[in-house]
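Visitor: Supplied in structure tokens, the structure appears directly below.
The values are calculated or read from the model by the stated rules, or taken from the named source; none is laboratory data. In this text, all values refer to a predicted model and were calculated from it rather than measured experimentally. No Cβ is skipped: glycine too gets one built from the backbone with ideal geometry, and neighbour counts run over all protein chains shown. Heads up: the accessible areas ignore ligands, DNA and RNA and are worked out on the full protein's heavy atoms, side chains in. Shrake-Rupley method; radii C 1.70, N 1.55, O 1.52, S 1.80 Å.
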Amino acid sequence: MKQNKAVITWLLTGCILVFIMVVVGGITRLTNSGLSMTDWHLVTDTFPPLSEEKWEDAFEEYKKYPEYQKINIHNDFTLSDYKFIYFWEWFHRFIGRIIGMVFIIPFIYFVIRKKLDKATINKCIVLLFMGGFQGFLGWFMVKSGLIDHPDVSHYRLALHLTFAFITFAYTLWVALDLIYPERKAAITPLKKIARIAIVILVLQIIYGGFVAGLGAGFIHNHWPLMSDGQLIHDSVLIEKKSLLLNLTEGKSGVQLVHRTMAYVVVGLILFLYFKSKKFSLTQQQKTGLDALVIIVFIQFTLGVFTLLLRVPLWLGLAHQVVAFFLLTAMVYTLHRLSK
């Protein structure tokens with residue numbers, strides 16, 4: 001482990017930066033700032049406009065697009081308002097540039113200094129491609145909100161969000177491989193349950209993106225029922241033309257799936273926890289399982305209050321942040337049960 005300490009620090013720094021980027025991305029989304037930068041340039045967008053004239057030019061360009069023409073033009077939207085939303089989108093992209101440098105420069109250094117074995121080099125190359133693809137997905141998402149409608153595609157938003165979570169999870173996994181180089185026999189029954197749980201958790205994150213992209217958290221603000229007296233609201237089945245579309249594009253249907261899957265995630269983690277009592281566990285495995293149970297209940301509670309209070313910014317952000325912690329605990333636990 002001493003030999004790989006610098007590499008481990010590098011990878012964990014990458015994890016922290018991806019986490020920060022997702023938090024800033026959440027603020028960007030919740031403040032409706034994501035469409036403020038209408039073009040993308042690798043060099044000239046590194047810093048925000050540096051003169052009042054440049055700000056005016058950027059604002060005039062923004063006025064050509066649907067978000068201003070269909071929404072903000074009616075809200076007495078000023079240059080000062082534009083500077084606010086511009087900052088969050090610029091900051092989100094700026095962190096992306098920082099992550100790129102933090103990954104690429106040390107990677108080249110570690111390769112030259114022969115600090116990485118072949119298996120770790122291959123994993124890091126995958127990480128570099130994942131980071132580049134995530135940047136493409138960000139552009140792909142924003143582009144969908146600059147054509148006809150002042151909202152990004154909820155499919156593209158969910159893809160961008162989920163891939164950030166997956167990139168984080170894989171980076172953490174690579175770091176854990178170096179932190180715990182020893183290989184012990186896996187606890188197969190628990191590993192299988194943990195694998196199912198992490199797949200369902202990723203699906204839940206995807207539907208979290210759907211809820212965010214469609215604004216589905218602003219309706220049916222009741223719990224545990226979707227409305228007074230209804231477990232499943234009537235609109236779930238009639239909003240779109242088919243059941244599939246209702247459950248992937250309808251606000252009510254998407255919210256129903258997200259609600260229901262939350263119970264499944266909690267149930268699977270509890271099942272894993274109580275099943276683990278039949279086995280002799282290491283302290284690391286016990287710690288991971290304990291963390292999972294605590295975090296999943298915090299996340300479930302935050303989800304309920306986020307819905308009941310109609311997604312206040314701080315609560316919506318907290319819900320997204322704790323989802324990150326839950327995935328972290330899930331990856332750590334799966335790693336410890338697998339290896």
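Visitor: With free of Cβ contacts under 8 Å to residues at least 24 places away in the same chain, out of contact with any Gly (no Cβ under 6 Å at 6 or more places or on another chain), part of a helix (DSSP H, G or I) and buried (at least 20 other Cβ atoms within 10 Å of the Cβ) as the only criterion, which of Gly213, Gly253 stands out? First the steps, then the outcome.
Guide: Numbers: Gly213 fails: free of Cβ contacts under 8 Å to residues at least 24 places away in the same chain.
Going through Gly213, Gly253 in turn, just one is free of Cβ contacts under 8 Å to residues at least 24 places away in the same chain, out of contact with any Gly (no Cβ under 6 Å at 6 or more places or on another chain), part of a helix (DSSP H, G or I) and buried (at least 20 other Cβ atoms within 10 Å of the Cβ): Gly253.
This table checks each residue for (1) open to solvent by less than 60 Å² (accessible area, probe 1.4 Å); (2) among the hydroxyl-bearing types (Ser, Thr, Tyr).
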position: Glu60; (1), (2): no, no
position: Ser80; (1), (2): no, yes
position: Lys83; (1), (2): no, no
position: Arg97; (1), (2): yes, no
position: Gly100; (1), (2): yes, no
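Visitor: If you scan segment 18-31, which residues turn out to be within 23 Å of Trp173 (Cβ to Cβ) and surrounded by fewer than 20 Cβ atoms within 10 Å (Cβ to Cβ)?
Guide: Phe19, Ile20, Val23
Visitor: Starting from residues that are in a helix (DSSP H, G or I), of a type in the set (A, V, I, L, M, F, W, C) and open to solvent by 50 Å² or more (accessible area, probe 1.4 Å), keep the ones in segment 274-299 and report whichever is farthest from Pro189 (Cα to Cα). Outline the logic, then answer.
Guide: Restricting attention to segment 274-299, the residues satisfying the condition of being in a helix (DSSP H, G or I) are 274-278, 283-299.
Right, trim to of a type in the set (A, V, I, L, M, F, W, C) and you get 274, 289, 291-298.
Filter again for open to solvent by 50 Å² or more (accessible area, probe 1.4 Å), leaving 274, 294, 297-298.
Numbers: Phe274: 12, Ile294: 22, Phe297: 23, Ile298: 26 Å.
Among those residues, the one meeting the criterion is Ile298.
Okay, residues lined up against (1) within 14 Å of Leu11 (Cα to Cα); (2) assigned to a helix (DSSP H, G or I); (3) at pLDDT 90 or above; (4) not polar (S, T, N, Q):
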| site | (1), (2), (3), (4) |
| --- | --- |
| Arg97 | no, yes, yes, yes |
| Val102 | yes, yes, yes, yes |
| Ile105 | yes, yes, yes, yes |
| Thr120 | yes, yes, yes, no |
| Lys123 | yes, yes, yes, yes |
| Leu128 | yes, yes, yes, yes |
| Gly131 | yes, yes, yes, yes |
| Gln134 | no, yes, yes, no |
| Val142 | no, yes, no, yes |
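Visitor: Inside segment 107-118, can you point out the residues that are open to solvent by less than 30 Å² (accessible area, probe 1.4 Å) and assigned to a helix (DSSP H, G or I)? Spell out how you get there, then give the answer.
Guide: Quick first cut of segment 107-118, residues open to solvent by less than 30 Å² (accessible area, probe 1.4 Å) only: 107, 110, 116.
The answer is Phe107, Phe110.
Visitor: Would you mind finding the one in His160, His154, His149 that is more than 30 Å from Glu52 (Cβ to Cβ), surrounded by fewer than 16 Cβ atoms within 10 Å (Cβ to Cβ) and of a type outside the set (Lys, Arg)?
Guide: Numbers: His160 fails: surrounded by fewer than 16 Cβ atoms within 10 Å (Cβ to Cβ); His154 fails: surrounded by fewer than 16 Cβ atoms within 10 Å (Cβ to Cβ).
It is His149.
Visitor: Those residues that are open to solvent by 20 Å² or more (accessible area, probe 1.4 Å), of a type outside the set (Val, Ile, Thr) and either touching a helix residue (DSSP H, G or I) at 6+ places or on another chain (Cβ under 7 Å) or in a helix (DSSP H, G or I) (or both), I need them from segment 184-207; list them, please.
Guide: Ala186, Pro189, Lys191, Lys192, Arg195, Leu203, Gln204, Tyr207
Visitor: If I filter segment 220-228 for residues that are touching a helix residue (DSSP H, G or I) at 6+ places or on another chain (Cβ under 7 Å), open to solvent by 40 Å² or more (accessible area, probe 1.4 Å) and outside any loop (DSSP other than H, G, I, E, B), do I get at least one hit?
Guide: no
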